[in-house]
C-alpha cells in the first residue's frame, strides 16, 4: 500500500503538522516496509490564482525535502482550501510510480493513522481487484459549479436533502455513497482506471483553470466518489464504520455523529488539531491496543453491494443496485 497525506502549505500550520506526523504515526513498524510501501506528503507549488507560491515557502519546502525526502511537490497544481486537485494528482502519480502496489490510499495531514492496523485489515482484500474502502456519507455532486448537494449521513436522508436543496434541477449526479476524506483506500486497478477516464481528466482541467467562483473549494471526497460511482463495476465504498475511522472528540455526547473518542478500534482519528493532541492520540491508541489487539481484524458495517442493497429501500434510490 502507498499512502498519500494531503498537506496544504498555504493554509494554517502544515509544516508543523507534517512534523507531528513524523514524530508519531510515521514511527509505526510497518512504514516503509512491505506492507506500507511508502508514505508521501502531497503539497502543491501554485497559489489559487495559479501564480507560484512565495519563494520563501518554496525554499522551506526544498529544505524539508532534503531533510526527509517524503514530499510529493506538485509543480502545476494549485493550493486551495479543498484538497481535491492534490488528491487527484496523488492517484495519478501513485499509479505510475508504484506499479507493484496492491492499494493506493489517501488521508489528510490533520489525521492520525495507525498504519499497522490499516495493513492488517486491508490484507483480506489483497486479491480483490475492485476495492474502494472508507467510512461513508451520501450525497450528490454538481460538476458544473463544483458544488456538493444534499450531503447527508445516509441514502434516504440524502434523497430528502435533494428535494430540499433542489439538486436535480441544478444538474447533480447521484445519489451515491462516498468514502470521506480522512481515509480512502482504492485497489490499484480501480485507481489506475479512474485516473485515465475522460471525466476525471476533464474535471481536473476545469477545476484547475477555475481561479474565481464557481471553483472547486469543497467536497473532494464526493468528487472521488462520483468518479467511482460511474465505474463499470458493481463497486461501492465498503463502510468500515465510525468507530474505526472518525473525527476526534473528547466528551462525545452524541453517538449518531462521526465524532468519537479514541478506543481500541480506532484506525484513523481525524482533526488532530495540534502537537499535544497528536501525541496524546499516539499514546492513547498505543495504550488501548496492544500487539495482540492490533492484529485483530475489525469488522465492516457494510460488507458488499449486495449487503447494502438488501437494506430497507436503498435499492430504490441507489442505481448501482441494478448491477447485481
Between residue 290 and residue 189, the two model label points (7 Å from Cα along the beta-carbon direction) sit apart by a distance in nm of 4.0
Out of 144, 106, 251, a Gaussian network model of the chain with alpha-carbon springs under 10 Å gives the largest mean-square fluctuation to 251
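Given R₀ = 45 Å, FRET efficiency for residue 196-residue 257 by Cβ-Cβ distance, to 0.05?
0.75
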Zone reached by a paramagnetic label modelled 7 Å from residue 301 Cα along Cα→Cβ, restricted to segment 108-139 with backbone N below 13 Å, covers 134-138
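Classify segment 203-324 as rounded, prolate or oblate from the Cα gyration tensor: take a ≥ b ≥ c as the square roots of its eigenvalues, call it rounded if a/c is under 1.5, otherwise prolate when a/b beats b/c and oblate if not.
oblate
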With label points set 7 Å from each Cα along the Cα-to-Cβ direction at residue 230 and residue 12, the distance between them in nm comes to 3.1
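What do the square roots of 5 times the Cα gyration tensor eigenvalues come to for the chain, in whole Å, largest first, as semi-axes of the equivalent ellipsoid? Please report the intermediate quantities before stating the final value.
Working: eigenvalues 158, 131, 72 Å².
Square roots of five times the eigenvalues give 28, 26, 19 Å.
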Most fluctuating of 313, 14, 82 in the GNM of the chain (C-alpha, under 10 Å) is 313
Of 277, 285, 133, the most mobile residue in a GNM of the chain (C-alpha springs, cutoff 10 Å) is 277
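Rounded if a/c is under 1.5, else prolate if a/b is larger than b/c, else oblate: which is segment 1-82, with a ≥ b ≥ c the root eigenvalues of its Cα gyration tensor? Walk me through the numbers before you get to the answer.
Working: a/c = 2.14, a/b = 1.88, b/c = 1.14.
Prolate.
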So, with points 7 Å from each Cα along the Cβ direction, the residue 81-residue 206 label distance in nm works out to 2.1
Taking the alpha-carbon centre of each part, the distance from segment 1-46 to segment 270-299 in Å is 17
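Every number in this text was worked out from the coordinates using simple rules, so none of it is lab data. Quick caveat: nothing in here was measured; it's all calculated off a predicted structure. Don't worry about glycine lacking a Cβ; one is built from the backbone with ideal geometry, like all the others, and counts go over all protein chains shown.
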